[in-house]
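The values are calculated or read from the model by the stated rules, or taken from the named source; none is laboratory data. Values in this document were obtained by computation on a predicted structure and should not be read as measured data. So basically every Cβ, Gly included, is an ideal-geometry build from the backbone, and we count neighbours across all protein chains shown.
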Amino acid sequence: MQKSSTGSLLVLTLSLILMDRSPIQAADTVETWAVWATNVDFYLGFEGIGPKEHDRKIYGDIMLGYGLLNRFSAYLGTTLLGNEYFSDGSAEFYLGIFGTPVDSSHFDLDMFLDISIGGPGLSQFQLQPSIELNFDLEPEQRSGGLYLRAGVALYAQDQSSPSPADQEIGFHVETTLGAYYTIKEDHQILLEYNMRHMLSPGDDRSAVEVGGIALGYNVTIDDSLEIISQLFFDIPQIDEPFSTGIMLGLIATLPSCHH
């Protein structure tokens, strides 16, 4: 998600916690698209590379974004997921809106609202509001900067009773701290760390997933095409094996035909 008109929203729209796996993320920042501009993202990835006992997943994602108003955009997409043997497939569908109420030379504030449905029989629903703060050393990301992303995912807790009346709303808080550096024009390297706090209603305890570290190298070919690449290192917790993941993607932006 280069912070330009070729930006993508995959970072926030693909948390997929409803499928009980680590999040798909592209190391990048975000920005709304130009009014009436159309954005298309396509990603392929393989995660869980490591010891045999680790859960390996292959996934693909396609997203369509559209600039509705100045600094306000919308998107929709789907993610297809399977294991390393191309079986045990599942899907998630998502849509959302996001805007930039504060946009200055050195500081940006982005706000998001994402809705997704997935899991067995598309029975699991999630609502996730998020924000992102950007601190740029120079305008237009000409050198380097930092960004902080935070979101709260709301969903139904798994309960022993099948009755909807007995279900409780669960949630987790996910945070990402990132940094970028522009090594030369149209070439950017990124470093991200993410973690997640799993919270249960009526329980004072919380579980923390330490997440992992992502290294990204993003190249803008021209004003309408960007190549995204990422290497992700999952930080193991107690009794968890070490694993890595790779992802490649293309982001294409079609300018508006309106005047």
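Worth a mention:
- Selection within region 78-103 - among the β-branched types (Val, Ile, Thr), within 20 Å of residue 126 (Cβ to Cβ) and crowded, with 18+ Cβ neighbours inside 10 Å: 79
- Sole exception among (1) among the polar types (S, T, N, Q); (2) over 14 Å from the mean Cα position of the chain (by Cα); (3) surrounded by 18 or more Cβ atoms within 10 Å (Cβ to Cβ) for residue 128, by number: (2)
- Identity of the residue in region 1-59, in a loop (DSSP other than H, G, I, E, B), of a type in the set (Asp, Glu) and touching a strand residue (DSSP E or B) at 6+ places or on another chain (Cβ under 9 Å), that ends up modelled with the lowest pLDDT: 28
- Looking across region 112-125, the residues that are over 14 Å from the mean Cα position of the chain (by Cα) and surrounded by fewer than 17 Cβ atoms within 10 Å (Cβ to Cβ) come down to 117, 120, 121, 122, 123, 125.
- Total residues in region 214-244, condition in contact (Cβ under 8 Å) with a residue 60 or more places away in the chain, under 29 Å from residue 142 (Cα atoms) and small (Gly, Ala, Ser): 3
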